[in-house]
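The values are calculated or read from the model by the stated rules, or taken from the named source; none is laboratory data. Everything quoted here is computed from the prediction, not taken from an experiment. Here Cβ is always computed from backbone atoms with ideal geometry, including for glycine, and neighbour counts include all displayed protein chains. Accessible surface areas use protein heavy atoms only, side chains included; no ligands, DNA or RNA. Shrake-Rupley method; radii C 1.70, N 1.55, O 1.52, S 1.80 Å.
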Amino acid sequence: MSRPEKHSLTLGGHRTSVSLEPEFWVAFRDIAAERGIPINQLAAEIDAARGVEMGLATAIRLHVLAWYRTRA
């Protein structure tokens, strides 16, 4: 895996930065595309469902993992 890359997302009208490895960014965009939604919408859904103890980047990684596990 490569070093994390920081990208900006908009959640509820507010900009936030998330650092993910490039492979996770690709998978995250692929999931959004497959669902036919923008990545900001997918990030907002993940953000709303995560617990307060979990960071957004971790929640996104776990969502990507769960997505691919259900398809394996």
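Solvent-accessible surface of the chain, taken per residue with a 1.4 Å probe and all protein chains present: 64 Å².
Of the accessible area of the chain, computed with a 1.4 Å probe over protein heavy atoms only, carbon and sulfur atoms account for 53 percent. Applying Stokes-Einstein at 25 °C and 0.890 mPa s to the Kirkwood radius of the chain, computed over alpha-carbon pairs, gives a translational diffusion coefficient of 198 µm² s⁻¹. Projecting the Cα atoms of ALA27, ALA48, HIS7 onto the dipole axis of the range 1-59, where Lys and Arg carry +1 and Asp and Glu carry -1 at the beta carbon, places HIS7 farthest toward the positive end. Sites listed here are GluC sites (Glu not before Pro) in the chain whose DSSP assignment is loop and whose Cβ has at most 13 other Cβ atoms within 10 Å: GLU53.
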